[in-house]
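The next block holds one structure in the form of structure tokens; read it before the comments.
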Amino acid sequence: MSSKYAVILAAGQGTRMKSKLYKILHPVCGKPMVDHVLTQIEKNDMDQIVTVIGHGAEMVKKTLKERTNYVVQSEQLGTGHAVMQAERLLGDKDGITLIACGDTPLFTAETFSELFQYHQSKGAVATVLTAHAAAPFGYGRIIRNDLGIVEKIVEQKDATKEEAAVQEINTGVYCFNNRELFKALHKINNDNAQGEYYLTDLMEVFQKEGKVVAAYQMKDFEESMGVNDRVALANAAKVMRKRINKEHMQNGVTIVDPDNTYIDTDVKIGSDTIIEPGVSLKGQTTIGSDCVIGAHSEIVDSVIGDSVKVTSSTIENSVMHDNSDIGPYSHLRPQADIGEGVHIGNFVEVKKATIGENTKVGHLTYVGDATLGEEINVGCGTVFVNYDGINKHHTNVGDYSFIGSGSNVVAPVEIGDHAYIAAGSTVTQDVKPHDMAIARGRQVNKDGYYDKYPVAQAAKETEAAKKK
Ligand code: UD1
Ligand code: CA
């Protein structure tokens, strides 16, 4: 078995994106395009992977880390020139080199593997991966001779009318005999419409030297889609989404409306979970089995257990344990840890707080910087007052406590187990276990005072009018 190397071209700016972010770092379903390419290449058991970086070099390195070696192309003089930069690391090695671009995020590991196999079976020095495009504009065209052998690849800007009519396109992916690749790269020039050193010119170089050049046409053009602008970016994301959703459905997840469900690449979902329309599941999110993720919920970088019900809510960087539920219209902000069987109702915000088993926070409540025990009932409209304008403070509430509606719990404060807070209290001092705290003004009733207010006159008129 020959050694296998890969070169990923990722030095370009991506001018057509009109973006501050370098093209190959634009995400498709939550993952930068170049990361998709690398991930699929990695699955092919490579001996060495080299990424050519230039524009945004530091950011690309930060994204791909140690997964690849890097060479820098400081001036973007073309795809051929880009591959040349890898000569330093690969030039003296025997084996096969796969070349792919950082802006083609949809290629699968299987396609790369098929290309390797085809390349070897043909004994070729170079094999280009091609596809049939209904609308080939913008791609390099595969020019074959009468025998069907590839003679050259012609770029859009250099193509004659007849060449431009060809619908077989260059996907930008190739296999090369590694030594032949670097030898031939010294023979290309930049005598073309873009004044660039084209990698694609190698085909003609090999052809003229009588070496075997092959082309492997993949079935699915869509998979080869190159992203040069935002329109293509949206198209690529659509294709990727369809693929991701299909895989989840095949694994036993119900997706009610796959065309309107947005699941990032690395999200994991257990079987018999139901995902309703308009849901976004982002980043490193894991969802268990038998959950219902209700319409228009958004879950980011969070872990959701089994049998959890999320109704139209937003969850970021948080954990919900088995059998808990939330919503509608609630928000878990970072570091919320929602225990087993916990009920979070509507219009509740939780931040940096742990809520123990079976505790209920039903309505209109803010829980920030707090540790709540088990089996607590938090009444409607309770506020954990955590911020003094400068610092955040923490509150603890013990198991089986009861917090009456409309309470303010002003941190830092400790409320013991089995404590009872009377409704409407503003708690500023610790409450011992089994005690009751009441902290509000006493009620005073004033005889007949209603009639002193303007509202009384208005009411009188309404009443009189109704009697007529
Ligand atoms: C390239 C191919 C074209 C093919 C298409 C497939 C060439 C000359 N053309 O065209 O035949 O149909 O891909 O998508 O190869 N890059 C560098 N350094 C450079 C220039 C480019 O690293 O100096 C990188 C870019 O970051 C990008 C990739 O190479 O990831 C392709 O470059 P791009 O300018 O997008 O080439 P296309 O015009 O799409
Ligand atoms: Ca491109």
**OP:** Run the quick spin-label model on E87 and H132: label points 7 Å from Cα toward the beta carbon, then report their separation in nm to one decimal.
**Re:** 3.9 nm
Subject >> Solution diffusion estimate, µm²/s, Stokes-Einstein, segment 253-437, Kirkwood Rh from C-alpha pairs, 37 °C, viscosity 0.692 mPa s >> reply: 199 µm²/s
Original post:
For the charge dipole of the chain, defined by +1 on Lys and Arg C-beta atoms and -1 on Asp and Glu C-beta atoms about the Cα centroid, which residue among V212, S74, L9 has the Cα displaced farthest towards the positive pole?
Top reply: S74
**OP:** For segment 347-468, restrict the atom set to alpha-carbon positions and state the Rg and Dmax in Å.
**Re:** 19.5, 61
Subject >> Pairwise FRET efficiency - N445 versus K466, Cβ, R0 = 25 Å, nearest 0.05 >> reply: 0.35
Original post:
How high is the FRET efficiency from K452 to E247, r the C-beta distance, R0 60 Å, rounded to 0.05?
Top reply: 0.25
**OP:** For segment 4-224, would you read off the P(r) tail past 23 Å as a percentage of all alpha carbon pairs?
**Re:** 42 percent
Subject >> Scaled radius of gyration (Cα, divided by 2.2 N^0.38 Å) that segment 8-114 gives >> reply: 1.01
**OP:** For D259 and N145, compute 0.36 nm times the residue count separating them, minus their Cα-Cα distance, and round to one decimal in nm.
**Re:** 36.8 nm
Original post:
In the chain, what percentage of the DSSP-assigned beta bridges are antiparallel, given to the nearest 5?
Top reply: 20 percent
**OP:** When a/c is below 1.5 the answer is rounded, else prolate if a/b is larger than b/c, else oblate, so apply that to segment 380-450 with a ≥ b ≥ c taken from the square roots of the Cα gyration tensor eigenvalues.
**Re:** oblate
**OP:** Please list 29-37, 231-239 highest first by mean number of surrounding beta-carbon atoms within 10 Å per residue.
**Re:** 29-37, 231-239
Original post:
For the chain, what is the relative contact order in percent, using Cα pairs closer than 8 Å and at least 6 residues apart in sequence?
Top reply: 8 percent
Subject >> Cα-Cα over 22 Å, subset of K65/K93; K18/K65; K4/K122; K187/K211; K242/K268; K62/K242 >> reply: K65/K93; K18/K65; K62/K242
Original post:
Using a cut-off of 14 Å between alpha-carbon atoms, which aspartates and glutamates can reach K309, once sequence neighbours fewer than 8 places away in the same chain are excluded?
Top reply: D272, E276, D290, E298, D322, D325, E340
Original post:
Under 20 Å from the 7 Å Cα→Cβ point of S113, by amide nitrogen: which residues of segment 44-80?
Top reply: 44-49
Subject >> Fraction of alpha-carbon pairs over 31 Å apart in the chain - percent >> reply: 57 percent
Original post:
How much length, in nm to one decimal, is gained on full extension between M1 and A459, taken as 0.36 nm per residue of separation minus their Cα-Cα distance?
Top reply: 155.5 nm
**OP:** Grab the Cα-Cα distance for R333 and N190, subtract it from 0.36 nm times how many residues apart they are, and report the gain in nm with one decimal.
**Re:** 46.1 nm
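Each reported figure results from applying straightforward, stated rules to the coordinates on display, with no laboratory input. Everything numeric in this text was worked out from a predicted model, so none of it was measured. Cβ coordinates were reconstructed from backbone atoms using ideal geometry, including for glycine residues, and neighbour counts include every protein chain displayed.
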